[in-house]
Amino acid sequence: MTDDLLEDATARFAEASALATMSDDTRERLTRPASVLKVSIPVRLDNGELQTFAGYRVRYDDTRGPAKGGIRFHPSVTAEEVTTLAFWMTFKTALLDLPFGGGKGGVTVDPKTLSNSELERLSRGYIAAVADVIGPDVDIPAPDVATNQLVMGWMATEYDKIARGHVPAVLTGKPLALGGIQGRDSATSDGAFHVIQVLRDRVLGDLEHPRAVVQGFGNAGSQLARSLHDDGWKVVAVSDSRAAIHDPDGLDVPVLQQHKEDTGSLSSPPSGEELNSGTVLDVPCDALIPSALEGAIHAGNAAVVDCRVVFEVANGPVTADADKILDAKGIEVVPDILVNAGGVTVSWFEWIANRSGDRWSGAMVAERLAERMTTETRYVADLADGRGLKLRTAAYVHALERLTAAVDATGTSAMFGSEGGI
Ligand code: GLU
């Protein structure tokens, strides 16, 4: 599964690279990750036993700036998965024109089986293990699946201990009190909402109350479901890892959010019917929004998808094979590296604020995020329309233009090809 994931990612890269103006140097640079670190993290459990967890930090490419990307805690984490996610981050930061490369980290663990203090020891142990390869000018971690502000707070303070000083810019997504930024928690869903607004007419026409299905009810999925609900959409189905909930007339999203907060899951919902199938992917809708893990829509289930457009809020939720099936059904896919880029964009603001010792207001964050997301979404849509490309391919072509410019500027072709002199 995870090997296929990396294969999928490189297949899309190959498809886009055939259409982009790209040097051989760039192709060669992007073929392999710059570094893959595997560590073992010994953690003393509450019962006194010592358990060792596998952890990773991958720097895929840092030509355009320090590597940037989250750390996930999940049982499916492997070197291949983290490498693929770091590869996607490389394209995401280039697409949004952030001064970063791509990185990612993870620990193979089911965080639900650990107590809070065990999680704290694991988070601190992870940072101690990777401290030599991260830093504000080298590689800057952030939250990802099952890691949040609390985890970032533990990690940032652990790094400070090792560095013997305050280094807030080493890591983003921190609690506000430790140098975090307003709006980072909602940044991924806010960014996705901007992308949807820009593309709405193009992909949904003039539907007044489009129907959305949101698969994954974590940080990004639940907040986006809420934004759409508040904007007059009908959110007809949502799911988490335990339950799938449906109401063709539209769910009461705020009530479901509260239920999830109170009980930890969507099971036995106060609004809507629980689906026995456990899946919402086949529920008819206008926009399907996978917001959980990679590979959710694959060759085995893409045929049942019944919508006009898919917005990829998760990283890699549609496999390359599924892409083809959806395309044949006339379903447009708006790619992850655009749709979920709001998170890393606000991480950039946090990093800037930390480095300059400044604080940004929520209004500043919102304005700059809207500007970045809107500009790049319009560019990708125009490129797709102008050249007859799918949105995913256009996004990759655009990111590759920026990566190529950077790689070529570091290479001999740049030096010997120019006139030179002042
Ligand atoms: N984990 C998020 C992503 O996949 C955010 C990364 C970051 O803020 O560096 O884009």
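Considering only residues of the range 88-123 that are assigned to a strand (DSSP E or B) and not small (Gly, Ala, Ser), which is farthest from the ligand (Cβ to nearest atom)? It comes out as 108. Filtering the range 327-358 down to residues that are touching a residue at least 60 places away in the same chain (Cβ under 8 Å) and part of a loop (DSSP other than H, G, I, E, B), which residue is nearest to residue 297 (Cα to Cα)? So the residue we want is 335. A single member of 359, 387, 372, 368 is within 26 Å of residue 136 (Cβ to Cβ), basic (Lys, Arg) and surrounded by fewer than 15 Cβ atoms within 10 Å (Cβ to Cβ), and it is 359. Residues being outside any loop (DSSP other than H, G, I, E, B), at pLDDT below 95 and either out of contact with any Cys (no Cβ under 8 Å at 6 or more places or on another chain) or within 14 Å of the ligand (Cβ to nearest atom) (or both) are entirely absent from the range 302-315.
Every residue, every condition in (1) within 14 Å of the ligand (Cβ to nearest atom); (2) surrounded by 23 or more Cβ atoms within 10 Å (Cβ to Cβ); (3) under 17 Å from residue 74 (Cβ atoms); (4) not aromatic (Phe, Trp, Tyr), yes or no:
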position: 127; (1), (2), (3), (4): no, yes, no, yes
position: 133; (1), (2), (3), (4): no, no, no, yes
position: 141; (1), (2), (3), (4): yes, yes, yes, yes
position: 160; (1), (2), (3), (4): no, no, no, yes
position: 164; (1), (2), (3), (4): no, no, no, yes
position: 168; (1), (2), (3), (4): no, no, no, yes
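A quick yes/no check of all residues on (1) touching a Ser or Thr at 6+ places or on another chain (Cβ under 7 Å); (2) at pLDDT 95 or above; (3) crowded, with 18+ Cβ neighbours inside 10 Å; (4) not small (Gly, Ala, Ser):
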position: 1; (1), (2), (3), (4): no, no, no, yes
position: 103; (1), (2), (3), (4): no, yes, yes, no
position: 106; (1), (2), (3), (4): no, yes, yes, no
position: 113; (1), (2), (3), (4): no, yes, no, yes
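Within the option set 325, 331, being more than 16 Å from the ligand (Cβ to nearest atom) and touching a Cys at 6+ places or on another chain (Cβ under 8 Å) holds for one residue only, 331. Count of the range 206-235 residues, restricted to those that are crowded, with 21+ Cβ neighbours inside 10 Å and at positive phi, is 1.
If the condition is being within 13 Å of the ligand (Cβ to nearest atom) and surrounded by fewer than 24 Cβ atoms within 10 Å (Cβ to Cβ), then the range 71-87 contributes only 74. Against the test of being surrounded by 24 or more Cβ atoms within 10 Å (Cβ to Cβ) and in contact (Cβ under 8 Å) with a residue 24 or more places away in the chain, the options 198, 203, 238 yield a single qualifying residue, 238. Scoring residue 84 on the criteria (1) assigned to a helix (DSSP H, G or I); (2) touching a Lys or Arg at 6+ places or on another chain (Cβ under 8 Å) leaves a single failure, condition (2).
Could you list, in sequence order, all residues of the range 158-177 that are part of a loop (DSSP other than H, G, I, E, B) and within 27 Å of residue 145 (Cα to Cα)?
Once the filter is applied, which keeps residues that are part of a loop (DSSP other than H, G, I, E, B) and within 27 Å of residue 145 (Cα to Cα), the range 158-177 yields 166, 167, 171, 172, 173, 174, 175.
The residues on offer are 145, 151, and the sole one that is within 14 Å of the ligand (Cβ to nearest atom) and either in contact with a Phe, Trp or Tyr (Cβ under 6 Å, 6 or more places away or on another chain) or not in a helix (DSSP H, G or I) (or both) is 145. Considering the range 177-211, and only residues there that are among the acidic types (Asp, Glu) and within 16 Å of the ligand (Cβ to nearest atom), the residue that is farthest from residue 348 (Cα to Cα) turns out to be 190. Scanning the range 34-71 for residues that are within 11 Å of residue 101 (Cα to Cα) and either in a loop (DSSP other than H, G, I, E, B) or free of Cβ contacts under 8 Å to residues at least 40 places away in the same chain (or both) returns 34, 62, 63, 64, 65, 66, 69. Just one of the listed residues (64, 27) is within 16 Å of the ligand (Cβ to nearest atom) and more than 16 Å from residue 130 (Cβ to Cβ), namely 64.
The values are calculated or read from the model by the stated rules, or taken from the named source; none is laboratory data. Predicted model only: the values in this text are computed from it and were never measured. No Cβ is skipped: glycine too gets one built from the backbone with ideal geometry, and neighbour counts run over all protein chains shown.
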